[in-house]
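To start, the structure itself, in structure tokens.
The values are calculated or read from the model by the stated rules, or taken from the named source; none is laboratory data. As the structure is a prediction and not an experimental result, all values here were calculated from the model. Note: ideal-geometry Cβ built from the backbone for every residue, glycine included; neighbour counts use all protein chains shown. Just the protein is used for accessible areas: all its heavy atoms, side chains included, with ligands, DNA and RNA removed. Shrake-Rupley method; radii C 1.70, N 1.55, O 1.52, S 1.80 Å.
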Amino acid sequence: MLKKLDDKRRKRLHRKIHIRKSVYGTALRPRMTVTRSNCNLYVQVIDDDEGKTLASISTLEKDFAAFKPNTDGAAKLGEAFGARLKDKKITTVVFDRNGYLYHGVIKALADGTRKAGIVF
């Protein structure tokens, strides 16, 4: 069991490194990265030129604590994050799925953000 879990982590880290070779955020088009755990979701927009986080959201915040890390909660969190990005006048981003497979929660989060009007 432990060997399988280690293999799962190793494969995700390999995908993450492979993705980060080509995904880079600038001031005009920052990088939107997603991190998930069993209990929470974290999303942030990063300007890699300056090394600064421009905006972030997570289910640890009071307003979004009711959102579970399932597809419904991720879609609602994505819409809320899209609105937050619109307030900061960010309309286009580069999506960094951080080595996670693009299905389920990650896909729902991306679709919710797109629904709010953010272009990937």
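Restricted to the range 42-99, and to residues there that are without any contact (Cβ under 8 Å) to a residue 24 or more places away in the chain and assigned to a strand (DSSP E or B), the residue that is most open to solvent (accessible area, probe 1.4 Å) is Lys52. Among the candidates Arg9, Arg31, Arg36, the residue that is of a type in the set (D, E, K, R) and surrounded by fewer than 17 Cβ atoms within 10 Å (Cβ to Cβ) is uniquely Arg9.
Taking the conditions (1) open to solvent by 70 Å² or more (accessible area, probe 1.4 Å); (2) at pLDDT 90 or above in turn, Met1 satisfies each one other than (2).
Please indicate, with yes or no, whether at least one residue in the range 11-18 is within 23 Å of Gly104 (Cα to Cα) and either polar (S, T, N, Q) or in contact with a strand residue (DSSP E or B) (Cβ under 8 Å, 6 or more places away or on another chain) (or both). The answer is no, given that none of the residues of the range 11-18 is within 23 Å of Gly104 (Cα to Cα) and either polar (S, T, N, Q) or in contact with a strand residue (DSSP E or B) (Cβ under 8 Å, 6 or more places away or on another chain) (or both). On inspection, Phe64 does not qualify as within 18 Å of Thr113 (Cα to Cα), among the aromatic types (Phe, Trp, Tyr) and in contact with a strand residue (DSSP E or B) (Cβ under 6 Å, 6 or more places away or on another chain).
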